[in-house]
Amino acid sequence: MIKPIIAGNWKMYKTPKEAEDFALKLKKLPVYGDRDILVCPPFTAISCVSRILADTGIYVGAQNVFPAKEGAFTGEVSPLMLKDAGAQFVICGHSERRQIFKETDDFVSEKVKAVIEYDMIPILCVGETLQENENGETFSVVRRQLEQGLKNVSSDMIKNIVIAYEPVWAIGTGKNATPQQANEVHTFIRSVIQKMYGDVASSIRILYGGSVKPDNIDSLMAEREINGVLVGGASLIFESFTRIVDFNKLM
Ligand code: PGA
């Protein structure tokens with residue numbers, strides 16, 4: 001049985017004070033043994049959120065990283081700094097990074113490698129744009145992003161990686177992929193990892209992201225190949241995030 005992850009990607013929302021208030025509420029949640037909970041605040045709030053959540057079992061992650069220990073990279077944040085601030089996971093290759101900041105597959109693969117080197121867990125995001133989807137390129141795009149994004153990941157390291165399938169046309173648009181559509185792509189993702197790494201593929205966590213809300217979480221989590229979700233907008237409001245955390249999959 002794969003333990004699911006419910007992950008919140010706060011994007012560029014919440015000041016440190018707002019993040020602190022949210023974390024203090026999260027701290028009061030019951031401990032869930034059958035699912036992992038993760039929040040990814042902006043850089044400026046990682047250390048205060050991780051201090052507050054330290055003994056709760058709730059994980060804290062970062063939304064991005066620069067793949068070098070330190071150096072003259074104005075405006076960037078290193079994996080060492082993230083780790084020291086309390087991050088345990090790092091989102092790599094989110095579609096907003098790929099599209100707005102022109103991150104290439106190659107650069108994303110450097111990030112994945114750097115995160116692993118610092119004993120944190122990368123969440124490698126893959127997913128096709130609307131146009132690629134309409135052109136029937138979903139599988140080829142996702143395969144390329146996986147093969148390139150994982151190219152620095154050895155078979156010893158793959159077991160710790162998390163993949164997030166986030167169709168770009170579903171992010172922030174209110175148009176989620178149907179659970180069946182997502183499940184089909186997740187099945188494909190697992191088959192690509194199986195070809196690259198063998199049977200360990202069956203234990204890799206593959207999350208779905210893109211307009212996950214309280215009213216679609218249960219049907220998404222009912223799909224066999226969906227091992228959790230990466231939630232943007234709905235993770236910013238405590239009540240909707242906790243409803244998502246509380247999805248009622250029969251475990
Ligand atoms: P959304 O974002 O839930 O607001 O669609 C998901 C994401 O970008 O990770």
| task | Taking the residues in region 215-239 that are of a type in the set (G, A, S) and more than 10 Å from the ligand (Cβ to nearest atom) as candidates, determine which candidate is surrounded by the most Cβ atoms within 10 Å (Cβ to Cβ). | result | G228
| said: Could you check region 134-168 and list, in sequence order, the residues that are within 15 Å of the ligand (Cβ to nearest atom) and out of contact with any Asp or Glu (no Cβ under 8 Å at 6 or more places or on another chain)? | reply: V162, I163, A164, Y165, E166
| field | Scope region 207-251; condition under 17 Å from the mean Cα position of the chain (by Cα), among the aromatic types (F, W, Y) and in a helix (DSSP H, G or I); matching residues | value | F241
| query | Has region 174-193 got any residue that is part of a strand (DSSP E or B) and within 12 Å of the ligand (Cβ to nearest atom)? | reply | no
| task | With the checklist (1) within 11 Å of the ligand (Cβ to nearest atom); (2) in contact with a Phe, Trp or Tyr (Cβ under 9 Å, 6 or more places away or on another chain) in hand, flag the one item I244 doesn't pass. | result | (2)
| note | Filtering region 145-177 down to residues that are more than 18 Å from the chain's Cα centre (by Cα) and more than 26 Å from W10 (Cβ to Cβ) yields K151, N152, S154, S155, D156
| task | Among the residues of region 54-112, count how many are away from the ligand (no atom under 16 Å from the Cβ), over 22 Å from I37 (Cβ atoms) and of a type in the set (A, V, I, L, M, F, W, C). | result | 9
| note | Of the residues in region 199-213 that are crowded, with 17+ Cβ neighbours inside 10 Å and more than 10 Å from the ligand (Cβ to nearest atom), the one that is farthest from G172 (Cα to Cα) is A201
| task | Assess whether K14 counts as being in contact (Cβ under 8 Å) with a residue 60 or more places away in the chain, in a loop (DSSP other than H, G, I, E, B) and either within 16 Å of the ligand (Cβ to nearest atom) or more than 18 Å from the chain's Cα centre (by Cα) (or both). | result | yes
| Pairs with Cβ under 7 Å, 6+ apart, first in region 155-167 and over 22 Å from F139 (Cα atoms), second aromatic (F, W, Y) and more than 13 Å from the ligand (Cβ to nearest atom) | S155/Y197
| Can you find a residue in region 126-133 that is without any contact (Cβ under 8 Å) to a residue 24 or more places away in the chain and either farther than 26 Å from T187 by Cβ or under 18 Å from the mean Cα position of the chain (by Cα) (or both)? | no
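A short reminder: the numbers here are calculations on the coordinates, not readings from a lab. No experiment lies behind these values; they were computed from the predicted model shown. Every residue, glycine among them, receives a Cβ derived from its backbone with ideal geometry; neighbour counts consider all protein chains shown.
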